[in-house]
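Novice: First the structure, which I've put down as structure tokens, then a few questions once you've had a look.
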Amino acid sequence: MEIDPFRIRAHVADFDDIVSEIISRSEATRATLPMVADIAYGTDATETVDLFFPDRPRTGLPVHMFIHGGYWRMFSKRDYSYVAETIARAGAIAVIVDYALMPSVRMADIVEQIRRARRWIADRITEYGGDPLRLTISGHSAGAHLSTFLFNEPGIPSGIRAALLLGGLYELKPLQSSFLHPEIGITGREVADFTPMTHRHDPAIQVDILVGSDETPPFHDQANAFANLLEEQGLPVSTLNLAGRNHMNSVRDLGLPDSEAGARLTKLIAGG
């Protein structure tokens, strides 16, 4: 019997160990990095961000927004605080975003929340020493999918300099026949409206598309297809296949500045 290629736990033997590690590392990050927690970007209880700061004067700092994954239905910003280790070492303010989870909300609600968090950065990050004109973004898995909706609004410049998309989902139709269907029930309307492959994107933004070499075939296929689409739309795109990495240890590496993924994130923030 063929194993569902989207069921990550079935393809990553140490799935639970990695999750335990990133949660533990996130707790350590919250205890050691300067931070301001649970800042509201909207009125719903799920609409909050945590800010983490580099150890330097807080004025005119670059800003990096990270969006977590979990197939839109699990995890929270607290589980991904550790990514701020790389961001802060790169000299930027880390904005780790929380959002509501399916199936209690629908995809349209989550996309609007992510856009609302982006607007909060534009309007308020100067109060915390950040420069909203020096904004970069990243996301993993469903977070990479959501990140694309920050630079695909027709006629609206994104104001984002660069994006790193790791292990992303850019075509939603296959998920309707995956293990996720009974869990979140992605609808035909959601496939039509929220598949990144069907949108146009801001040609001013540099996009790095990363995928672990040990990911299952759909993640490679979708990464290649989306990179080609963005290039056709005039965006500068770079791709990277992370050697020996799967869906989970690749995102763990984002919080390790000296790893291949962490180094790419550092370079993106620095603009090099």
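Novice: Need at least 2 residues that are of a type in the set (D, E), free of Cβ contacts under 8 Å to residues at least 40 places away in the same chain and more than 22 Å from I8 (Cβ to Cβ) per element, so show me which helices (runs of 4 or more DSSP H) inside region 180-272 make the cut, counting only ones lying wholly within it. Lay out the reasoning, then the answer.
Specialist: Numbers: elements: 181-184, 188-194, 217-232, 249-253, 260-270.
Those helices (runs of 4 or more DSSP H) span 217-232.
Novice: Sticking with this one: Sort through E21, E2 and tell me the only one that's surrounded by fewer than 20 Cβ atoms within 10 Å (Cβ to Cβ), of a type outside the set (S, T, Y), at pLDDT below 95 and over 20 Å from L165 (Cα atoms).
Specialist: Details: E21 fails: at pLDDT below 95.
Step by step, each of E21, E2 is checked, and only E2 is surrounded by fewer than 20 Cβ atoms within 10 Å (Cβ to Cβ), of a type outside the set (S, T, Y), at pLDDT below 95 and over 20 Å from L165 (Cα atoms).
Novice: Same structure, new question: What number goes with the only condition from (1) assigned to a strand (DSSP E or B); (2) in contact with a His (Cβ under 6 Å, 6 or more places away or on another chain) that N152 does not pass?
Specialist: Here N152 meets the rest and fails (1).
Novice: Looking only at region 163-190, which residues are of a type in the set (F, W, Y) and surrounded by fewer than 23 Cβ atoms within 10 Å (Cβ to Cβ)? Walk me through how you get there before you give the answer.
Specialist: Going through region 163-190, the residues of a type in the set (F, W, Y) turn out to be 170, 179.
Matches in region 163-190: F179 only.
Novice: Within region 113-144, count every residue that is touching a helix residue (DSSP H, G or I) at 6+ places or on another chain (Cβ under 9 Å) and either hydroxyl-bearing (S, T, Y) or free of Cβ contacts under 8 Å to residues at least 24 places away in the same chain (or both).
Specialist: Qualifying residue count, region 113-144: 3.
Novice: At pLDDT 95 or above, of a type in the set (S, T, N, Q) and more than 30 Å from A10 (Cα to Cα) - does that describe any residue in region 139-160? Can you show your working first?
Specialist: First pass over region 139-160, keeping only residues at pLDDT 95 or above: 139-152, 158-160.
Filter once more, keeping what is of a type in the set (S, T, N, Q): 141, 147-148, 152, 158.
Keeping just the survivors that are more than 30 Å from A10 (Cα to Cα) gives 152, 158.
Among the residues of region 139-160, at least one is at pLDDT 95 or above, of a type in the set (S, T, N, Q) and more than 30 Å from A10 (Cα to Cα), which makes the answer yes.
Novice: Do you know which residues across region 40-59 are within 21 Å of T86 (Cβ to Cβ), buried (at least 16 other Cβ atoms within 10 Å of the Cβ) and without any contact (Cβ under 8 Å) to a residue 60 or more places away in the chain?
Specialist: Here is the first cut: in region 40-59, the residues within 21 Å of T86 (Cβ to Cβ) are 49-58.
With buried (at least 16 other Cβ atoms within 10 Å of the Cβ) added as a condition, the list becomes 49-54.
Correct list: D50, F52, P54.
Novice: Select from region 69-88 the residues that are farther than 19 Å from S24 by Cβ and of a type in the set (K, R) and list them in ascending order.
Specialist: Once the filter is applied, which keeps residues that are farther than 19 Å from S24 by Cβ and of a type in the set (K, R), region 69-88 yields only R73.
Novice: Moving on. Quick one: would you say I160 is in contact with a Phe, Trp or Tyr (Cβ under 9 Å, 6 or more places away or on another chain), buried (at least 18 other Cβ atoms within 10 Å of the Cβ) and not in a helix (DSSP H, G or I)?
Specialist: On the way: in contact with a Phe, Trp or Tyr (Cβ under 9 Å, 6 or more places away or on another chain): yes; buried (at least 18 other Cβ atoms within 10 Å of the Cβ): yes; not in a helix (DSSP H, G or I): yes.
In short, yes.
The values are calculated or read from the model by the stated rules, or taken from the named source; none is laboratory data. In this text, all values refer to a predicted model and were calculated from it rather than measured experimentally. Cβ atoms come from the backbone with ideal geometry, glycine included; neighbour counts cover every protein chain shown.
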